[in-house]
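Since the structure comes first, as structure tokens, the remarks are kept for the end.
The values are calculated or read from the model by the stated rules, or taken from the named source; none is laboratory data. It should be emphasised that the depicted structure is a prediction, and the values quoted were computed from it without experimental measurement. With ideal geometry, Cβ positions are generated from the backbone for all residues, glycine too; neighbour counts draw on all protein chains shown.
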């Protein structure tokens, strides 16, 4: 029996009894959903008539988030799922990531004044939305059926540690993109969240 099988009071007590980092780090499937939400929410801030600097900042945030997200899935989450099941949607996920990376490379090679810039971002986001729909309706529910809560939490911890490794050398660029692309309030909240997660990971090393 795990916490999800217990009555509310007992489940709440079990949750409170976990180490702090276990309560702060989301399980792998929820982490993937949070990544999807972050990218889509950032995309919804993008408009063709925005100043070039803000466009560049938003696109930078989107591209970096997608690159890190794809690496986490390919290195940790997908192999874990493929070890216990065969999934047609999962089998096409890596080729979809390759196409996204191609479009990201195109965007990084352009400036926001390039006439192809908006259309290239739209093509990228169409692929992302299709990919998100497949994962959230098929892959993630199947993973939650196959894996225990403990296993999902372990994968979430591995993915969080790897995320920080991937983000560390990009921190200056991430900060610049967030400052250019998002309101200062959003940037501040995001920076504090990253700092908090960093403290958690240092505590469990």
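Summary of computed values
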item	result
Failed condition for residue 135, given (1) free of Cβ contacts under 8 Å to residues at least 40 places away in the same chain; (2) surrounded by 15 or more Cβ atoms within 10 Å (Cβ to Cβ); (3) within 22 Å of residue 160 (Cβ to Cβ)	(1)
Some residue of segment 50-68 being out of contact with any strand residue (DSSP E or B) (no Cβ under 6 Å at 6 or more places or on another chain), at pLDDT 85 or above and outside any helix (DSSP H, G or I)	yes
Candidates 160, 137, 171 - the one that is modelled with pLDDT under 95 and part of a helix (DSSP H, G or I)	171
Residue in segment 18-36 that is touching a helix residue (DSSP H, G or I) at 6+ places or on another chain (Cβ under 9 Å), crowded, with 20+ Cβ neighbours inside 10 Å and under 19 Å from residue 175 (Cα atoms) present	yes
For residue 26: the one exception among (1) outside any loop (DSSP other than H, G, I, E, B); (2) at pLDDT 85 or above	(1)
Number of the exception - residue 118 against (1) more than 15 Å from the chain's Cα centre (by Cα); (2) modelled with pLDDT of 95 or more; (3) under 13 Å from residue 32 (Cβ atoms)	(3)
Residue selected from segment 42-81 under the condition more than 15 Å from the chain's Cα centre (by Cα) and under 28 Å from residue 157 (Cβ atoms), by the criterion surrounded by the most Cβ atoms within 10 Å (Cβ to Cβ)	81
Residues of segment 82-108 satisfying the condition of being in contact with a helix residue (DSSP H, G or I) (Cβ under 9 Å, 6 or more places away or on another chain) and assigned to a loop (DSSP other than H, G, I, E, B)	84, 85, 87, 92
Selection count where residues are closer than 15 Å to residue 58 by Cα and in contact (Cβ under 8 Å) with a residue 12 or more places away in the chain, scope segment 104-130	12
